[in-house]
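Asker: Take this structure, written in structure tokens, and hold onto it; I'll ask about it next.
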Amino acid sequence: MEKTVFLHTLLILTLFTKIAVCYNNSSHILATTFIDVNGNSIYDPGVDKPLSGLAVSNGVDIVLTDIEGKALIDKGPYSIVFAIKPSGYKPVTPWYVGVSDRDRVYFGFRETVEGNELFIAWITDTHLASSSKEVSYALKVNATANPSEYLARVFREINKLYNRIDFIVNTGDIVADANWVDKDTASKWFTLYRNLTSTLPKPVYNTPGNHDLFGLKNPSIKEDNPLYGLGMYTRYLGPPYYSFNYGPYHFIVLSPHVISNGELIYSFPIEEVYWVEKDLRLSSKNRVIVFSHEPPLEWARDSNVDRVFELLKEVNATLFCGHWHIRADIEYRGLRVYVSPALSGRWWCGSSRDGFSYGYTLVYLSTRGVNTLFREVGSSVVIELKKPYSVSISSDREALFTIYPSNATSYLRVLANDVELDVDVLDTNVLWTTVRIDLSCLDVGWIDVCFYINNSLVKKIPFYINSLGNSVLNVSTVKDRAFRLLGRKVSVLCVYTGYELSSHTYIFWSNRSTFLLGTRYLRGYEGFSRGDVVKASGYIMEVGGDSLVHGSWILELFEQATAIGRQVVKPTRVELSSISVCTPLVVVEGTVTRTGVGYFIIEDNGVEVTVVDPFMSITVHPMDHVVVYGAPINLSNSLCVVVNSVDDVVFIREDFIQKMFLPITILCMSIICISTILYYKVRRRV
């Protein structure tokens, strides 16, 4: 009997031992969620209350905890398990946990009050490094600012708004560039960022950007390296995509990054698509807000992206993105998209392309909708145009502006053309005020809306007041003011010259003014035909870029460019593979055989040379003999020379006349002699 009992006991112990071993070696995690009753941020059975019905996820599956606050879930593709924060609770433990060497995780929460209004401090494109020298090295720029110092200043400003800010979000490109630096450098940057954010009293939610992916451009980093791609990011900052809830809002962080054969594609892995479907199915919130580094205009056009679009459109989601280093407020495929200027400006080399200096965006969410304000670091007063972004306005002729701080309106005067304008307060929150300015009393033409606070001019914003229904502007007048119109929307008529700088940048002209039309954000774009008259609507993003045609201005389209007619452009189309407007590198002499607007063709001994004049300032005619000094363009079949001014073209008609002097003299003398002989013959007959 005793032997039988012993054998049964041994069998049971063996069985339990095997179960324990199997459990410890299992890919499953037991997650426990609880309400931290005693406030020690540690799970105390019998003291803390279980939090049932809370969603726990591994990036593929989403499991709800049972009545005991427990859920069994697989470790998932990133070996990270996270809790989806419910409304009315704040985490008192980390909300995500790496589980590669764990079998249990605990997520603690405390009840809190969350209203229908939220303030979010939104930073993006921090491109963080320890010094400007490191940024210069990583991004191949000449950085002049120290990113760690600026980020610390931003966090100090946010801390002063402690009672008003609900959380902070960083929409990617967190570190300078992890694509090609070594492991130690990338690790140092991610550690620096994590240390800086640890000083903040409010939660920080991060989004991976394309510069946060490790090893993509470093041949010494192999794809089987656990830190490759998103591995480095997830080690330091957690899951690349996840969700959380605040009040009536459901927030989703997306990571549109797929690495295929070492190349980055802005798409979604199928696991992320499945996860988004499950997440939205479980969410009962009225408002869905999405954070993504790359705006959806950058996303690939494939089935995974299309499915995510369908899901987001079903819930009428609003997106907040970075990546472009500019401000934009657009609608794309039925979704509202807000893009913030970069904290790093132009990669810590100065202001962003649309004129905004280093700063961050404050977001106010309420039942009335979304309101944003971009605040440059250290600024005490902010005046920002909210509507319309368009330079040209007509109809009721009113504009909306945001004034920070909200009490600044008590000392505000607004003038245009020495006329004081009426100011109506539309909306006020604890941080800023939205006002409406009536411009209907102003005459047609260019005006400057000038904002004075305590009789000091703090902002000047230009508009073109047009007649009713006339919103298309003259390119020349816009070009004259292009620096002051950075970031503003314009509509212009122009003609496609047939020249391209790349697959997405085209040279147009209008009224003897050249500008570049960047169409990189238009998907499904088929391109223009030479001579097309185009109505282009977009934003002025840069003026006189050194890397492009010097002295031109760039219109990067977010909306449309429509061919509405044809105009004959004589020269044959030339594909430009690269362009440089530096010290003249080549001299070409010959006779002009063909001309067109902005360019002409020289022929010498049967060899044709195309000459492009970016300023449209040179008038040449067939048979002109010229010497051209300019920068060469490498073409597959011919040579193209870019000139900057009339000084680069020397007309040598004297040489032509000198060569023809003897033949012309003989011809003239012959005509005179023949005419004289004929004259006397006629007189004799008479």
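Asker: If R₀ is 41 angstrom, what is the calculated FRET efficiency for the pair LEU30 and THR144, using the beta carbon separation as r and rounding to 0.05?
Answerer: E between LEU30 and THR144, to the nearest 0.05, is 0.20.
Asker: Report the gain in length on full extension from LEU72 to ARG281: 0.36 nm times residue separation, minus Cα-Cα distance, nm rounded to one decimal.
Answerer: 73.2 nm
Asker: Excluding SER243 itself, what net charge comes from residues whose Cβ is under 14 Å from its Cβ, given Lys and Arg +1 and Asp and Glu -1?
Answerer: Result for the neighbourhood of SER243: +1.
Asker: Relative contact order of segment 326-472: what whole-number percent is it, with Cα pairs under 8 angstrom and at least 6 residues apart?
Answerer: Details: 285 pairs, mean separation 24.3, N = 147.
In percent, rounded to a whole number, it is 17.
Asker: Provide the gained length on full extension for the span ASP182 to GLU111, in nm with one decimal, where the gain is 0.36 nm per separating residue minus the Cα-Cα distance.
Answerer: 21.2 nm
Asker: For segment 96-120 and segment 350-429, what is the centre-to-centre distance using only Cα atoms, to the nearest Å?
Answerer: Each part reduced to its Cα centre gives a spacing of 36 Å.
Asker: Kindly rank 239-248, 138-147, 170-179 from highest to lowest mean number of other beta carbons found within 10 Å of each residue.
Answerer: Output ranking for 239-248, 138-147, 170-179: 170-179, 239-248, 138-147.
Asker: Counting each pair of different Cα atoms once, what's the Kirkwood radius of segment 310-436 in Å, rounded to one decimal?
Answerer: Numbers: mean 1/r = 0.0615 Å⁻¹.
The Cα-based Kirkwood calculation yields 16.3 Å.
Asker: Over segment 122-221, what relative contact order in percent results from Cα pairs under 8 Å that are six or more residues apart?
Answerer: Reported as a whole number, the value is 34 percent.
Asker: So what's the gap between the Cα centers of segment 186-260 and segment 299-321, to the nearest angstrom?
Answerer: 21 Å
Asker: Here is a follow-up. Given points 7 Å out from each Cα along the Cα-Cβ axis, report the ASP329 to GLU271 separation in nanometres with one decimal.
Answerer: Using points 7 Å along Cα→Cβ, the separation is 3.9 nm.
Asker: Beyond 20 Å between alpha-carbons counts as too far, so tell me which of LYS90/LYS278; LYS202/LYS387; LYS90/LYS285; LYS387/LYS460; LYS90/LYS313; LYS387/LYS489 fall in that bin. Don't jump to the answer; show the numbers that get you there.
Answerer: On the way: LYS90/LYS278 23 Å; LYS202/LYS387 31 Å; LYS90/LYS285 17 Å; LYS387/LYS460 15 Å; LYS90/LYS313 29 Å; LYS387/LYS489 11 Å.
The pairs that break the limit, which is 20 Å between Cα atoms, are LYS90/LYS278; LYS202/LYS387; LYS90/LYS313.
Asker: Can I ask one more? About its Cα centre, how strong a charge dipole does segment 104-148 have in debye, to the nearest 20, once Lys and Arg get +1 and Asp and Glu get -1 at the Cβ?
Answerer: Around 320 debye, computed over segment 104-148.
Asker: Okay, moving on. Using the basic label-point model (7 angstrom from Cα toward the beta carbon), what is the ASP224 to ARG102 distance in nanometres?
Answerer: 2.9 nm
Asker: What order do you get for 119-130, 37-48 when each peptide is scored by the mean count of other beta carbon atoms within 10 Å, highest first?
Answerer: Ranking the peptides 119-130, 37-48 by packing returns 119-130, 37-48.
Asker: Give, rounded to the nearest 20 debye, the magnitude of the charge dipole that segment 243-354 has about its Cα centre when Lys and Arg contribute +1 at Cβ and Asp and Glu contribute -1 at Cβ.
Answerer: 380 debye
Asker: Can you pull the one-decimal nm distance between simple spin-label points at ILE564 and LEU415, each 7 Å off the Cα toward Cβ?
Answerer: That separation, rounded to one decimal, is 3.8 nm.
The numbers here are math on the coordinates, done by the rules we state, and not lab data. The structure presented is a predicted model; accordingly, all values stated were derived computationally and were not measured. Cβ: placed from backbone, ideal geometry, glycine included. Neighbour counts: every protein chain shown.
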